[in-house]
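Encoded as structure tokens, the structure appears first; notes follow it.
The values are calculated or read from the model by the stated rules, or taken from the named source; none is laboratory data. Just so we're clear, the structure is a prediction, and the values are computed from it rather than from any experiment. Neighbour counts are summed over all protein chains in view; Cβ atoms, including those assigned to glycine, are modelled from backbone coordinates with ideal geometry. Heavy atoms of the whole protein, side chains included, go into the accessibility calculation; ligands, DNA and RNA do not. Shrake-Rupley method; radii C 1.70, N 1.55, O 1.52, S 1.80 Å.
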Amino acid sequence: MTTARAERAVIRAWPLLAVLGAGLFLVAVDATVLHVALPDLVRDLRPGAVAQVWIVAIYPLTAAPLLLPFGTLGDRYGRRRVLVTGYVVFGIASLGCAFAPNVPVLLGFRAVLGAGGAMIMPVTMSLLRELFPEQRHRRTAIAVCSGIAGTGSVFGPILGGLLVETWGWRATFLLNPPVILAAVVLALRWLPRNPPGRRPWDALSAALAAGGVLGIAFAVGQPGSWLPAVASGSAGCVLVGLFLRRQRRTDPPLLDLSLFRLPGVRAAVGGVLLVMSTLVGLGLLFAQYLQVVLGLSPTAAAARLLLVLGASAVGSVVTPSLLERFGNARVRTAGFAVAAVSLLVPAAGSAALTSPVLLGTGLAGLGLGMALALTSSTDTLLSATSADQAGGAAAVEKTGYELGAGFGTTVFGSLAAAVYAGHLAVPPGVPEPVRQLALSGPAQAEAAASGLTSRSADELLEAARAACTTGLQISAAAACGLFVLAVLVSAWSEIARRNPTGDIRP
């Protein structure tokens, strides 16, 4: 293709980002839209503490095992076909969630929603490899889509707050079908039909990969249930081992494992996993803290999170030029460092959390650092493989994305819940049923306090706020420690790559 034809193709490809971005935005929004809506949902459907975690976590934990099968399916049978199918499934599941009469039905449709998202995400990112073959243009497109995904995760609570105050939690799902319908029409009209791939699609490998990731994901999603977690995790590890063994013996493999031997790929996968677990996990805790402890309305609480949204957008804009100048590894390490410093604010406790200036600075820094790390990691993965295998690479990146979202919700949520229950000082004389309800979480403590005398209710609410603050503080400190470790590992890996002989002399 001549330079002039290539430039014209790129110009025609830019409007397609609107179609791809719309679906990607909704998929990202639905990972976090219930963060602010959860208290309203709890008052309506009355789920228990474990069910509350699963209502949020089942979406990413269902999507994660299906990303690799669906991503490689797009490589084999046509990306547009898989993408449009994902849009349809996502729209139907959204309607099911909106009209769910009870918790089991809601959980079922949230799982189907995750399956639809698993069709959309890897195909969307692999299409960037096809539509923008030159790295210079592709980096900008990746930054836009990474910004959309990160922005959607942060915008979810903001949108949820607005919808909950106006129509209730069910409205958070009713926004999806009209947008999805428009995306389907535009995708069928604008997106090119790519011919089926020549590489066969290995259904057994896809099943082993899905089962392995599912087992590991659900092991992490079993807070306090050691036996099911061990059984699920062990089964998952066995299936992953069988998958890896089959990939070494099958020609061609479903996933080329040599991808992970390329420079920076493993660090990029780890970066995506860490960023999304922190963004989604701490996002839920921040939304809860702002409403329960600071007493903000859902809309006001969501507005505070706009700082993360704005900083993430800025980071997505500046990252392509930074990648050109400094390279992926340095930008990723810098993103880890900015996020680690920003997490010192919530880790400092109530004095910093109640200061609008300090809290705003911490949230903005967190958004900026995560945008740098996420965009550089995605570019590393998509640039490491050929166009006909882009679905597999994109699926690896999005598996880290969804596993991170699910792990963040369950791990940080379980940590904060354990800290909250351990630090909640229930006033003496409170009936046992009320005490047990208050121990389930700060939102439940508000409901429990409604049946107490004025003095006891005030004491219980004050204790719940203090325990909630401590839970957020310790969770933020744990995340800060992980980012500090990521900075050290990333910096050391870059030094070792540049100096493989081990000679540290200048």
Original post:
When region 74-115 is examined, which residues are found to be buried (at least 24 other Cβ atoms within 10 Å of the Cβ) and free of Cβ contacts under 8 Å to residues at least 40 places away in the same chain?
Top reply: 93
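Let's see how each residue does on (1) open to solvent by 10 Å² or more (accessible area, probe 1.4 Å); (2) in a loop (DSSP other than H, G, I, E, B):
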| position | (1), (2) |
| --- | --- |
| 438 | no, no |
| 443 | yes, no |
| 448 | no, no |
| 452 | yes, yes |
| 459 | yes, no |
| 471 | no, no |
| 474 | yes, no |
| 477 | yes, no |
**OP:** Report, ordered by the first and then the second residue, all pairs with beta carbons closer than 6 Å, sequence separation of six or more or different chains, a first member in region 417-430 that is in contact (Cβ under 8 Å) with a residue 12 or more places away in the chain and closer than 21 Å to residue 456 by Cβ, and a second member that is small (Gly, Ala, Ser) and part of a helix (DSSP H, G or I).
**Re:** 420/467; 420/471; 423/467; 424/463; 424/467; 425/463; 427/456
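Does residue 268 qualify as being assigned to a helix (DSSP H, G or I), open to solvent by less than 10 Å² (accessible area, probe 1.4 Å) and in contact with a helix residue (DSSP H, G or I) (Cβ under 7 Å, 6 or more places away or on another chain)? Walk me through it before giving the result.
Numbers: assigned to a helix (DSSP H, G or I): yes; open to solvent by less than 10 Å² (accessible area, probe 1.4 Å): yes; in contact with a helix residue (DSSP H, G or I) (Cβ under 7 Å, 6 or more places away or on another chain): yes.
When the stated conditions are applied, residue 268 passes them.
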Original post:
Taking region 20-52 on its own, how many of its residues are under 15 Å from the mean Cα position of the chain (by Cα) and aliphatic (A, V, I, L, M)?
Top reply: 8
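Residue by residue through region 310-327, note down the ones that are open to solvent by 30 Å² or more (accessible area, probe 1.4 Å) and either in contact (Cβ under 8 Å) with a residue 40 or more places away in the chain or among the aliphatic types (A, V, I, L, M) (or both). Don't jump to the end; show me each part of the working.
Going residue by residue through region 310-327, those that are open to solvent by 30 Å² or more (accessible area, probe 1.4 Å) are 310, 313-314, 317-318, 321-322, 324-326.
Answer for region 310-327, where residues must be open to solvent by 30 Å² or more (accessible area, probe 1.4 Å) and either in contact (Cβ under 8 Å) with a residue 40 or more places away in the chain or among the aliphatic types (A, V, I, L, M) (or both): 310, 313, 314, 317, 318, 322, 324.
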Original post:
Does residue 357 qualify as being at pLDDT 85 or above, open to solvent by 20 Å² or more (accessible area, probe 1.4 Å) and touching a Gly at 6+ places or on another chain (Cβ under 6 Å)?
Top reply: no
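Answer with yes or no whether residue 151 is modelled with pLDDT of 70 or more, polar (S, T, N, Q) and closer than 22 Å to residue 372 by Cα. Step through it out loud before you land on a result.
Values: modelled with pLDDT of 70 or more: no; polar (S, T, N, Q): yes; closer than 22 Å to residue 372 by Cα: yes.
Taking the combined requirement at face value, the residue does not satisfy it.
Can residue 36 be described as touching a residue at least 24 places away in the same chain (Cβ under 8 Å) and in contact with a Leu (Cβ under 8 Å, 6 or more places away or on another chain)?
Details: touching a residue at least 24 places away in the same chain (Cβ under 8 Å): yes; in contact with a Leu (Cβ under 8 Å, 6 or more places away or on another chain): no.
For residue 36, the condition - touching a residue at least 24 places away in the same chain (Cβ under 8 Å) and in contact with a Leu (Cβ under 8 Å, 6 or more places away or on another chain) - is not met.
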